[in-house]
Amino acid sequence: MELRLLQIDTFTEVVLGGNPAAVCPLDAWLDDPTMQAIAAENNLSETAFFVPEGDGFNLRWFTPNVEVDLCGHATLAAAFVVFEELRPDMKLVDFATKSGRLTVVREGADLVMDFPAQPAIPVRPPERLLGALGEPPLEVLAGADYVAVFENAANVARLRPDLGMLMQLDRRGVVATAPGDNADYVLRFFAPKNAVPEDPVSGNVQTALVPYWSGKLGKSRMTVRQLSARGGTMVCEDHGVRISIAGRAVRYMDARISVAN
């Protein structure tokens with residue numbers, strides 16, 4: 001059985017920048033082990049699979065070792081494939097997901113995602129987290145991930161966390177964030193439990209960061225920069241119970257893969 005597989009660089013305007021995601025458009029679902037095996041073979045932080053459903057699509061995301069409930073950059077990549085490759089007449093695409101209905105709107109070259117806000121709450125930092133980071137944050141919050149807030153972008157950029165210790169924490173991953181120099185805030189995201197030592201650019205963690213920084217900075221619309229080796233940018237906006245994440249994407253690869261029936 002041959003399937004189409006595209007690789008899309010997201011939150012960037014140039015190929016080989018931002019965060020790469022694989023996208024596999026399907027007519028009908030494959031079995032879960034096959035989709036997980038394809039994601040492992042791709043060895044990217046996320047592979048998105050989608051099938052048509054009504055006027056939209058049903059969308060699922062897999063890291064190399066697990067299916068996840070929400071992913072930003074692979075949603076952006078899937079929307080890019082729909083708009084650019086499959087249904088160029090569309091201006092809005094609906095995705096049914098494990099995190100509910102997600103919409104992506106095309107506004108010129110920007111793709112604007114609508115995601116649920118998922119605020120994190122302040123907590124006493126676990127000793128293992130502090131040991132793994134090697135540098136004390138100003139405060140720590142917890143949601144799906146631990147969020148370590150630092151004084152400035154330089155603190156975040158120089159972190160060299162102990163990934164083995166991060167894997168022992170009781171959260172999916174750790175976000176390090178701070179006010180930015182050329183952006184409203186910056187971040188890095190480490191998720192070794194999901195076979196993602198450091199995510200190049202992270203959309204889903206903005207569901208926790210946007211409510212936090214909107215309150216701290218007193219503004220709803222913010223520019224965001226991820227300080228990974230590849231780097232990436234986005235514009236996020238706080239809408240209360242929802243947030244929007246706007247970014248761009250480019251196609252890197254369009255291929256055919258062969259899998260057993």
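The values are calculated or read from the model by the stated rules, or taken from the named source; none is laboratory data. Keep in mind that this is a model prediction, so the values were computed, not measured. Quick reminder, even Gly has a Cβ in these numbers, built from the backbone with ideal geometry, and neighbours come from all protein chains shown.
Among what's in segment 80-111 and is among the hydrophobic types (A, V, I, L, M, F, W, C) and assigned to a strand (DSSP E or B), pick the residue that is nearest to Asp9 (Cα to Cα).
Within segment 80-111, the match that is nearest to Asp9 (Cα to Cα) is Leu111.
Restricting to segment 162-171, give me the number of residues that are charged (D, E, K, R) and in contact with a strand residue (DSSP E or B) (Cβ under 6 Å, 6 or more places away or on another chain).
1
Consider segment 121-137. How many of its residues are in contact with a Phe, Trp or Tyr (Cβ under 7 Å, 6 or more places away or on another chain) and within 28 Å of Phe11 (Cα to Cα)?
The total comes to 1.
Among the residues of segment 188-227, count how many are under 18 Å from the mean Cα position of the chain (by Cα), of a type in the set (A, V, I, L, M) and within 20 Å of His239 (Cβ to Cβ).
Count: 6.
Would you mention how many residues in segment 40-71 are at positive phi and either assigned to a helix (DSSP H, G or I) or crowded, with 20+ Cβ neighbours inside 10 Å (or both)?
Qualifying residue count for the region: 0.
Based on what the data block shows, is Ala74 part of a helix (DSSP H, G or I), out of contact with any Pro (no Cβ under 9 Å at 6 or more places or on another chain) and among the hydrophobic types (A, V, I, L, M, F, W, C)?
Spelling it out, Ala74 is indeed part of a helix (DSSP H, G or I), out of contact with any Pro (no Cβ under 9 Å at 6 or more places or on another chain) and among the hydrophobic types (A, V, I, L, M, F, W, C).
Assess whether Lys193 counts as being over 20 Å from Ala148 (Cβ atoms) and outside the structural domain of Leu70 (by TED's automatic domain parsing).
Spelling it out, it is not the case that Lys193 is over 20 Å from Ala148 (Cβ atoms) and outside the structural domain of Leu70 (by TED's automatic domain parsing).
Can you pull out every residue in segment 226-240 that is over 27 Å from Pro20 (Cβ atoms) and touching a Pro at 6+ places or on another chain (Cβ under 7 Å)?
Asp238
Conditions tested, residue by residue: (1) among the hydrophobic types (A, V, I, L, M, F, W, C); (2) over 25 Å from Ser244 (Cβ atoms).
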{"site": "Ala39", "(1), (2)": "yes, yes"}
{"site": "Asn42", "(1), (2)": "no, yes"}
{"site": "Phe49", "(1), (2)": "yes, no"}
{"site": "Phe80", "(1), (2)": "yes, no"}
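Kindly indicate whether any position in segment 194-202 is of a type outside the set (A, V, I, L, M), surrounded by fewer than 22 Cβ atoms within 10 Å (Cβ to Cβ), part of a helix (DSSP H, G or I) and touching a residue at least 40 places away in the same chain (Cβ under 8 Å).
Within segment 194-202 (the criterion being of a type outside the set (A, V, I, L, M), surrounded by fewer than 22 Cβ atoms within 10 Å (Cβ to Cβ), part of a helix (DSSP H, G or I) and touching a residue at least 40 places away in the same chain (Cβ under 8 Å)), the answer is yes, since at least one residue qualifies.
Mind checking which residues of segment 240-261 are buried (at least 20 other Cβ atoms within 10 Å of the Cβ) and more than 18 Å from Ala208 (Cα to Cα)?
Arg248, Ala249
What are the residues in segment 1-10 that are surrounded by 24 or more Cβ atoms within 10 Å (Cβ to Cβ) and either of a type outside the set (A, V, I, L, M, F, W, C) or modelled with pLDDT under 95 (or both), if any?
Residues satisfying the conditions are Asp9, Thr10.
Out of Ala39, Ala48, report the one residue that is under 21 Å from Met90 (Cβ atoms) and within 17 Å of the chain's Cα centre (by Cα).
Ala48
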